[in-house]
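Reviewing the structure listed below.
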Amino acid sequence: MYYNSGRIVLISFLVALFTSIIICGAFFFVLPRLQEDTVIPDLLGSTPEQARAIVEARGLLLIVGGEEENNQYTANLICRQTPLPGSIVNNKSSVTVFISQGSQYIAVPDLSGLGLSDATVKLSDLGLKIGEVKSEEHATIEADKIIKTIPEVGAQMKRDERITIVLSRGVETSEVPRCIGKSLSTAKRIIVDSGFAVGNVTWEVSTEINVGIIMRQSPRAGTMAKKGSNIDLVVATVLE
């Protein structure tokens with residue numbers, strides 16, 4: 001009986017001792033480790049400055065590993081990190097991030113109405129360059145302003161590729177020649193030689209002006225009109 005009681009006491013003592021060792025081990029080894037571990041935050045899409053503030057608040061160190069092209073994140077934003085978000089690491093561990101250079105493809109912007117110098121700056125900011133510069137007449141866009149680009153707006157181009165610019169020459173105008181008092185054949189020649197086209201020719205009875213002589217014209221002589229536009233003539237005739 002005495003032997004069994006002593007055995008029970010011994011076993012109880014050993015169990016208590018073993019339990020105490022486990023508790024002490026957890027207190028001295030596991031608990032401090034849990035306190036030192038931290039979860040890696042998600043830094044994707046952040047600026048380097050924002051990321052540095054986030055990781056330092058968690059007792060981590062930020063390392064910028066370099067730059068790389070990325071289609072998902074715009075330039076100067078973090079596009080990749082290691083360790084991955086959600087990973088558990090020791091306090092004072094480092095997080096390496098990579099900065100996006102943006103996509104290798106750039107959409108051609110709308111440059112219509114801009115001057116060449118402003119367009120050059122805008123394209124340079126995007127990573128594109130101006131190539132050939134052409135010009136053509138345009139009725140509504142003033143001279144030396146951009147009408148369109150080749151390729152057109154929205155086209156995808158690689159960085160440093162060149163875009164053809166089409167500038168407006170505006171509308172070329174010229175002074176309307178005087179045709180009144182001239183014969184119809186002479187008036188037609190004058191109109192063509194001046195860079196215009198013969199428009200409507202109508203005949204009107206007149207008792208004061210000889211037959212076949214120009215009585216009126218439109219537009220009036222001396223005004224400015226678009227080159228190649230029509231000049232209408234009214235020619236004198238007699239009542240038959």
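Per DSSP H run of n ≥ 4, the term is -39500 (n - 2.57); total these for the chain, divide by its residue number, and report the mean residue ellipticity at 222 nm rounded to 500 deg cm²/dmol. Working shown, then result.
Working: 5 runs with 61 residues, N = 240.
Result for the chain: -8000 deg cm²/dmol, rounded to the nearest 500.
Placing +1 on each Lys and Arg Cβ and -1 on each Asp and Glu Cβ, with no other charges, gives the chain a dipole about its Cα centre of roughly 340 debye. Beta bridges from DSSP with both residues in the range 173-237: antiparallel share about 55 percent, rounded to the nearest 5.
Percentage of Cα-Cα pair distances in the chain greater than 26 Å, rounded to whole percent?
On the way: 20244 of 28680 pairs.
Everything past 26 Å amounts to 71 percent.
Give me the net charge for the shell around residue 171: Cβ to Cβ below 10 angstrom, other residues only, Lys and Arg +1, Asp and Glu -1.
Surrounding charge for residue 171 is 0.
Towards the positive end of the charge dipole of the range 84-156, with charges on Cβ (+1 Lys, Arg; -1 Asp, Glu), say which of 88, 120, 139 has the farthest Cα. So the residue furthest toward the plus end is 88.
Taking the range 173-237, how much of its Cα-Cα pair set, in percent, is spaced more than 19 angstrom apart? Show your work: numbers first, answer last.
Values: 481 of 2080 pairs.
Above the 19 Å cut-off, the range 173-237 has 23 percent of its Cα pairs.
By average Cβ neighbour count within 10 Å, what is the ranking of 68-81, 123-136 from highest down?
68-81, 123-136
Here the relative contact order of the chain, from alpha carbon pairs under 8 Å that lie six or more residues apart, stands at 13 percent.
Throughout, read-outs are computed from the coordinates displayed, never taken from laboratory work. Computed from a prediction, not measured in an experiment: that's the story for all the values here. Please note: Cβ atoms are built from the backbone with ideal geometry, for glycine as well, and neighbour counts cover all protein chains shown.
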